[in-house]
Amino acid sequence: EPGVVVSANLINGAIMKGVGTVKHFKHDHPQVPLAIPFVLGGIPASVAATFLSGILPKMLFRAVIGGILMGVALLILWEAWYLPKWAQESGNGNNNRNGIGAKKILAFFSGALMGFISGLTSIGTGSIIIAVLLVVIKLKPKYAVGTAVLEGAILLSVGAISHILAGHADFRLAAFLL
């Protein structure tokens with residue numbers, strides 16, 4: 001069952017990201033005020049994706065996962081080729097469109113998209129979030145990683161709990177992945 005595999009990966013990821021978050025907090029890397037909008041966008045999307053994974057027919061579920069995988073791959077390619085040019089052309093981030101309000105709105109919607117993808121497929125979305133944090137929001141790398149790990153730990157935990165409550169969990173498989 002796809003939900004069982006997704007839940008095992010989410011349980012494993014929540015534990016691993018939780019450990020990583022503790023380590024990053026020791027160095028003051030997570031930017032909590034910026035992680036909050038990511039999480040607020042991601043939690044409802046992750047829960048909705050869990051519900052959706054339980055009602056989609058298996059063939060359609062596989063097609064959705066395939067489409068998301070293709071989309072994530074295209075985003076990663078875009079981030080590698082186009083995003084650096086766009087960031088360079090957009091200046092140093094001192095203009096009004098890069099204000100804190102716009103950053104929080106972007107974080108909210110990015111979190112919603114990542115929460116949905118993660119909740120439905122358990123695909124790691126950290127590289128996309130880090131790209132948003134580095135290039136668009138302009139965090140230093142250590143803060144981008146710390147913030148992404150914190151956001152990931154919370155979203156993966158919510159996704160794991162949602163799948164457990166939906167009856168998808170296989171704890172032996174999750175333990176094997178650790």
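Computed quantities for the displayed model
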{"quantity": "Per-region count, region 33-63, residues under 18 Å from the mean Cα position of the chain (by Cα), closer than 17 Å to S7 by Cα and of a type in the set (A, V, I, L, M, F, W, C)", "calculated": "7"}
{"quantity": "Test result for A35, in a helix (DSSP H, G or I) and at pLDDT 85 or above", "calculated": "yes"}
{"quantity": "So K58, is it open to solvent by 60 Å² or more (accessible area, probe 1.4 Å), of a type in the set (K, R) and modelled with pLDDT of 80 or more", "calculated": "no"}
{"quantity": "Selection within region 37-55 - hydrophobic (A, V, I, L, M, F, W, C) and touching a residue at least 24 places away in the same chain (Cβ under 8 Å)", "calculated": "F38, V39, L40, I43, A45, V47, A48, A49, F51, L52"}
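The values are calculated or read from the model by the stated rules, or taken from the named source; none is laboratory data. Everything quoted here is computed from the prediction, not taken from an experiment. We place every Cβ from the backbone using ideal geometry, glycine too, and count neighbours over all the protein chains shown. We work out accessible area using only protein heavy atoms, side chains counted, and drop any ligands, DNA or RNA first. Shrake-Rupley method; radii C 1.70, N 1.55, O 1.52, S 1.80 Å.
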